Amino acid sequence: MRLSSLGYVARDGFRNIWRNKIMSIASISTVAISLFLLGCVWLFVANVNNMVFNVESELEINAYVEQDLPRETAQALASDIGAYDGVASVEFIPKEEGILMLENRFGTEADLAGTVGENNPLPDMIQLKATNPDLVPVLAEKLTAMEGIDQVRYGQGMVEKLLKTADWLERAGFIGLICISIAAIFLISTSIRVTVFARRDEITIMRLVGATNWYIRWPFLIEGMLTGFFGALLAVAILVLGYNKLVISLMTNMSFIPIMTDQATLLLLGRNILLYGAGLGIVGSFLSVFRYLRV
Amino acid sequence: MIQFFNVNKIYEAEVRVEALKDVNLQIENGEFIFLVGPSGAGKSTLTKLIIREETASSGQVLSDGKSLARMKQRDIPFYRRRIGFVFQDFRLLMTRTVYENVAFAAEAVEMTTTEVRQRVPLVLDMMGIADKRNAYPHQLSGGQQQRLGIARAMVNNPTMIIADEPTGNLDPETSAEIMRIFQAINRRGTTVLIATHDKDMVNLMRKRVIALKEGRIVRDERNGGYQHEA
Ligand SMILES: Nc1ncnc2c1ncn2[C@@H]1O[C@H](COP(=O)(O)OP(=O)(O)O)[C@@H](O)[C@H]1O
Ligand SMILES: [Mg+2]
């Protein structure tokens, strides 16, 4: 095929999608939903790994101070706790500082502190480290019972449970990936087959006037690739928007969850999903083109 | 030049059909030939062998001395670009305009957009349908539709035009008009081969006539007519 014909086949590829709207929409949505679910699994697993990485040690305990407790009382509480047996270190983190830490984690652009202003929803926090992991539950229990302490969080147990879930999800996700791929390929190839059928007159004419096989095939391959790509694009858009929403909401309401906010990782995920979607489309259209398109 | 040497064509469908039997013929460049015979005689099969839609079951079909059966798969499109094919049922794209129908073929043979823009108006003009360029096929008369079919076949400036019953769906007057177009094309040096069973037309034109019957050539006559059997 001549390079100058690229415009023709690309145009016809888009046209194919358009003229076979119903099937195209069905294929694109299926790809989108499948890849979206996959992306969710991937994000969950990535977050668990990130969390394990973030929780420096199993020794850390965060105690959130009641919202209306005076600052001095809270600080006094912190120094009391510092004197307990089994406490290696203690640090008082006022909510102004807490929001800055959040901001750091979220990335450089977000001005959380500026956004929330006076209405900082975070509580003041007392962060302590136990001398021994076995003491963490005991200390936590003790803190919970204290006057002026609202909630106590510590990682122990949860991390392992999460890791197990993530591991299981990773396996399930892999099997899901295979099933989803087969379904998506099948649907895309069916969709292409419908277009091949709808264009049979044009194909006859092209063959008889002397179009090369590749000139005839390319629009269908492009159609498949675009179908997969558009589906993936939809999935990525929903994933990125939804995830960033989730991050903001988690950070302001449940800041103890160390959610992954690395935009580079998110971009990488997006790119991979797009490539994967396009790949599914190409495989699907190849199957149809070489089976149903007599050239 | 097209040559047939002892060509047999057998279709192995549910029933075995011997569509062509021991066909020998030679078509020189620039000739005007009618291929006649009753329905089922093998006319369409013969044209399909020339455009390499089908291959001979035995014997040889040569184009410029080269065997079509042995032509490489990837060379076939380029071979077909030198032949324009015209259908009985026109085979126009009903959702595209006159211009787009011809441009479709021009793009299929990978002319550049510039070439397409130059060539398409030229053949539309040649066929006398330039003023219809934005019309859709259903807005054309039968004769105009077939002119469009011929325009499409001519867009690549072929050395040979093959038409399979091009006037089968047209009234006598319109048929005569289409024949005049083929004559004009032939006068410019293009070989023309027309499969037909339009007796009056063939008798009127006094061109070379090849008559098929049950797959055999029963007559091959210069300046022939349709009627009398050889
Ligand atoms: N693709 C095919 N498969 C099986 N038989 C065919 C096929 N094409 C044509 N034939 C048979 O071959 C014979 C010649 O057909 P054809 O060449 O179309 O004749 P004509 O064009 O003169 O009417 C007929 O008996 C027809 O039924
Ligand atoms: Mg026929």
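The values are calculated or read from the model by the stated rules, or taken from the named source; none is laboratory data. Bear in mind that the values here come from a model prediction, so they are computed numbers and not experimental data. Note that each Cβ is placed from the backbone with ideal geometry, even for glycine, and that neighbours are counted across all protein chains shown. Each accessible area value is taken on the protein alone, full model and side chains, heavy atoms only, with ligands, DNA and RNA left out. Shrake-Rupley method; radii C 1.70, N 1.55, O 1.52, S 1.80 Å.
Quick notes on this structure:
- Pairing residues of the range B:165-186 that are in contact (Cβ under 8 Å) with a residue 12 or more places away in the chain and under 20 Å from B:E28 (Cα atoms) with residues that are more than 16 Å from ligand 1 (Cβ to nearest atom) and of a type in the set (F, W, Y), at Cβ distances under 8 Å and at least 6 apart in sequence or on separate chains, gives B:F182/B:F32; B:Q183/B:F32; B:N186/B:F32.
- Taken over the range B:163-209, the criterion of being of a type in the set (G, A, S) and open to solvent by 20 Å² or more (accessible area, probe 1.4 Å) is satisfied by B:G168, B:A176, B:A184, B:G189.
- Segments classed as strands (runs of 3 or more DSSP E), wholly inside the range B:129-230, with at least 1 members that are touching a strand residue (DSSP E or B) at 6+ places or on another chain (Cβ under 7 Å) and within 14 Å of another protein chain (Cβ to nearest Cβ): B:160-164
- Residue, farthest from the chain's Cα centre (by Cα), within the range B:1-12, restricted to residues that are away from ligand 2 (no atom under 16 Å from the Cβ) and over 23 Å from B:E221 (Cα atoms): B:E12
- Test result for B:A69, surrounded by fewer than 17 Cβ atoms within 10 Å (Cβ to Cβ), more than 9 Å from chain A (Cβ to nearest Cβ) and among the small types (G, A, S): yes
- Qualifying residue in the range B:40-60 (condition: open to solvent by 60 Å² or more (accessible area, probe 1.4 Å) and within 21 Å of B:E165 (Cα to Cα)): yes
- Helices (runs of 4 or more DSSP H) contained in the range A:190-295 and holding at least 2 residues closer than 30 Å to A:L102 by Cα: A:213-253, A:263-292
- Of the residues making up the range A:214-247, those that are surrounded by fewer than 20 Cβ atoms within 10 Å (Cβ to Cβ) and without any contact (Cβ under 8 Å) to a residue 60 or more places away in the chain are A:A237, A:V240, A:L241, A:G242, A:N244, A:K245, A:L246.
- Residue within the range B:77-94 that is within 14 Å of another protein chain (Cβ to nearest Cβ), out of contact with any helix residue (DSSP H, G or I) (no Cβ under 9 Å at 6 or more places or on another chain) and farther than 30 Å from B:K199 by Cα present: yes
- Whichever residue in the range B:109-121 is part of a helix (DSSP H, G or I) and open to solvent by less than 20 Å² (accessible area, probe 1.4 Å) and, among such residues, is farthest from the other protein chains (Cβ to nearest Cβ): B:V120
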